[in-house]
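Here the structure comes first, spelled out in structure tokens, and everything after it is commentary.
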Amino acid sequence: MVKKTTLITVQNVPVTVMHVDQRDYISLTDMAKARTDAARAAM
């Protein structure tokens with residue numbers, strides 16, 4: 001298993017992207033942490 005981690009910036013928010021076995025996975029946790037308004041899922 002080859003695992004590679006990359007950090008990208010989406011609308012000034014750093015988001016982790018992991019590449020595992022020829023598939024890419026983005027961190028929903030990183031995106032949720034950036035939300036500070038009432039629409040944030042976890043309060």
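Each value in this text was obtained by applying a stated rule to the coordinates, not by laboratory testing. Bear in mind the structure is a predicted one, so any value in this text is a computation, not a measurement. Glycine also receives a Cβ, built like all others from the backbone with ideal geometry; neighbour counts cover every protein chain displayed.
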Rank these for me by crowding, Asp21, Asp30, going from fewest to most other beta carbons within 10 Å. Asp21, Asp30
Taking θ = phi - 60°, what integer Hz values does the Karplus form 6.51 cos²θ - 1.76 cosθ + 1.60 yield along region 3-8, in sequence order, with x for Gly and Pro? 10, 10, 10, 10, 10, 10
Note the full-extension length gain between Lys4 and Asp21 as 0.36 nm times their separation in residues minus their Cα-Cα distance, in nm to one decimal. 5.2 nm
